[in-house]
Amino acid sequence: MPKDPRADATEPTTDVIEVRSKAFLIQFTVASWTLKSRPSDGIRSINQIFTLSRRRDISDALNEALCRLEDTLEMMLETLNEILGHRGDGDLIRKLKKLLSEEEEVYGAYDLILYNYGPSKDYASVHLELPDTMTVDEVDRLTRRQQLKVFKETGVILTGVGVYSHNTADDEAARIRNEVQKAVLSHEWALQLHGFYADTVNKTMRFDVVMSFDVDREEALAAVIKEVQAMYPDYDLQIVSDVDVSDL
């Protein structure tokens, strides 16, 4: 069949199409031919519409596929979070700490960890800092009051309550606490110091340091021990590094 003198078909061209989403960038190519009329015809040049339609169809299909893929990945991540563990709800944690600290004897609530085993099945454990003068009987009655109050206000079952003793009658211990706390919290990665107790007679000192996730805990703990030991060389130290599991 003789060639139509009024039109030329160009060589195939390859266009790169990008499809972007929040999590992905996909590039693919579409081969297309363009049929144009010769200028001598006096007819305006035309492009093959079907090529553009195919490109739009492919782009729309990929966009829809990416949206579905993102939804699937989000569901998978939520499931993995439940399996591997994730930080508890910040608002609930702050409410629990506020409730626990309302008692006059409580100096602070720390190391609060939430556990969820399904709808309306929330459990928690915590450490309370209490005066070193309280008896076991007094601590037991306080703990039971706290458990009942927390459950009524939030529905969370407080399964375990640990205790940190707080120096109340030793001015020297209070001075040591202030100095140690100032030194430790001067580090950006040290978020909190709690559970401090100094026995000025037997020369022992113990406390916990909450550290951020972006620091090597072993190196940071070694630095704290070295620093505090230099300040109080006669004391035996017991320092524990905690992680920020409850969003301080």
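Summary of computed values
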| item | result |
| --- | --- |
| Relative packing of peptides 170-176, 121-127 - highest average C-beta neighbours within 10 Å first | 121-127, 170-176 |
| Prolate/oblate/rounded call for the stretch 121-245, Cα gyration tensor, a/c under 1.5 rounded | oblate |
| Backbone HN-Hα couplings from phi across the stretch 102-111 [Karplus 6.51/-1.76/1.60, Hz, Gly and Pro as x] | 6, 5, 4, 6, 8, 7, x, 10, 9, 6 |
| Spatially close lysines, pair count over the stretch 118-243: Cα under 19 Å, gap of eight or more or interchain | 4 |
| In order through the stretch 183-195: 3J(HN,Hα) via Karplus (6.51 cos²θ - 1.76 cosθ + 1.60), integer Hz, x for Gly, Pro | 5, 5, 6, 6, 7, 4, 7, 8, 8, 6, 10, 8, x |
| Accessible surface, the stretch 156-248, averaged per residue in Å² (probe 1.4 Å) | 54 |
| Shape call, the stretch 96-183: gyration tensor on alpha carbons, a/c limit 1.5 | prolate |
| Packing-based ranking, highest mean first, of 220-230, 187-197 given that Cβ atoms within 10 Å are counted | 187-197, 220-230 |
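The values are calculated or read from the model by the stated rules, or taken from the named source; none is laboratory data. The structure presented is a predicted model; accordingly, all values stated were derived computationally and were not measured. Because the Cβ atoms are built from the backbone with ideal geometry, glycine has one as well, and the counts that use them run over all protein chains shown. Just the protein is used for accessible areas: all its heavy atoms, side chains included, with ligands, DNA and RNA removed. Shrake-Rupley method; radii C 1.70, N 1.55, O 1.52, S 1.80 Å.
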